Amino acid sequence: MSKYLKILGCFVLALIVFLFQFSFLNSLPGFLGRLNLILFFVIWLFIFRNFRISLYFSLSVGLIMDIFSFYPFGLYSFSFLITIFLANFIWQNLFTNRSIYSFLALSFFITLFFNLFFYLIILPFENSLSGIFWFNGVFWLNLLKEIIWMLIGVIISFYFLNPKKGHSEGLSFEKHPF
């Protein structure tokens, strides 16, 4: 029963984060409008909880975003799932400790990968080349803003919101296969 409650909790959290992202954060002007709370929660759950919960959240938020998206069904879910599997692969094979530098590097690569991978898979569904954001500076500037927000969020989370800070084991993320 506990497993089903975790899945339901991840779905409800995904729904709340989705609603907050698309009803409030996307309408903020300038630099504040580039805060990607959904991807932040995917990374935060991966770092501070575990792979399985972040996988449930990724699948839930991807499903919700696919329902409300104009792109073919499954693109967001596929992007989030590939991203979380890549994060787990990078964490298991490249990083050896749980320092802030490892989390910042992981957050940087995952944010960069998610955005580039998502726009790469929507490329065949664009009607004209004018819809491709790769060729103008606005895409790269917005990506830089999103990465900056992600790194700020990881720093704040690591030092102030760490749920396992008082425990002797440190963060709950363990280096073992999923």
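Summary table below
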item: Identity of the residue in segment 148-174, modelled with pLDDT under 85, hydrophobic (A, V, I, L, M, F, W, C) and open to solvent by less than 50 Å² (accessible area, probe 1.4 Å), that ends up farthest from Arg49 (Cα to Cα); result: Phe158
item: Condition broken by Lys145, with the remaining ones in (1) of a type outside the set (Gly, Ala, Ser); (2) open to solvent by less than 50 Å² (accessible area, probe 1.4 Å); (3) farther than 15 Å from Ala87 by Cα; (4) at pLDDT below 65 satisfied; result: (4)
item: Scope segment 1-11; condition assigned to a helix (DSSP H, G or I), open to solvent by 50 Å² or more (accessible area, probe 1.4 Å) and without any contact (Cβ under 8 Å) to a residue 40 or more places away in the chain; matching residues; result: Ser2, Lys3, Tyr4, Leu5, Leu8
item: Options Phe57, Phe85, Phe80: the member that is modelled with pLDDT of 90 or more and touching a Cys at 6+ places or on another chain (Cβ under 6 Å); result: Phe57
item: Count of residues meeting criterion [part of a helix (DSSP H, G or I) and either open to solvent by 50 Å² or more (accessible area, probe 1.4 Å) or touching an Asp or Glu at 6+ places or on another chain (Cβ under 7 Å) (or both)] in segment 48-60; result: 2
item: Selected residue [over 11 Å from the mean Cα position of the chain (by Cα) and not charged (D, E, K, R)] from Phe114, Phe18, Phe40, Phe80; result: Phe18
item: Counted residues, segment 62-83 - those being crowded, with 17+ Cβ neighbours inside 10 Å, of a type in the set (A, V, I, L, M) and within 22 Å of Leu123 (Cβ to Cβ); result: 2
item: Residue in segment 127-134 that is out of contact with any Asp or Glu (no Cβ under 7 Å at 6 or more places or on another chain), open to solvent by 90 Å² or more (accessible area, probe 1.4 Å), of a type outside the set (A, V, I, L, M, F, W, C) and at pLDDT below 85 present; result: yes
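The rows are residues; the columns are (1) part of a helix (DSSP H, G or I); (2) in contact (Cβ under 8 Å) with a residue 24 or more places away in the chain; (3) closer than 22 Å to Ile90 by Cβ.
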| residue | (1), (2), (3) |
| --- | --- |
| Leu13 | yes, yes, no |
| Phe18 | yes, yes, no |
| Gln21 | yes, no, no |
| Leu32 | yes, no, no |
| Phe46 | yes, yes, yes |
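The values are calculated or read from the model by the stated rules, or taken from the named source; none is laboratory data. Given the structure is predicted, the values throughout are model-derived calculations rather than measurements. Quick reminder, even Gly has a Cβ in these numbers, built from the backbone with ideal geometry, and neighbours come from all protein chains shown. Side chains are part of the model used for accessible areas, which takes the heavy atoms of the whole protein and leaves out ligands, DNA and RNA. Shrake-Rupley method; radii C 1.70, N 1.55, O 1.52, S 1.80 Å.
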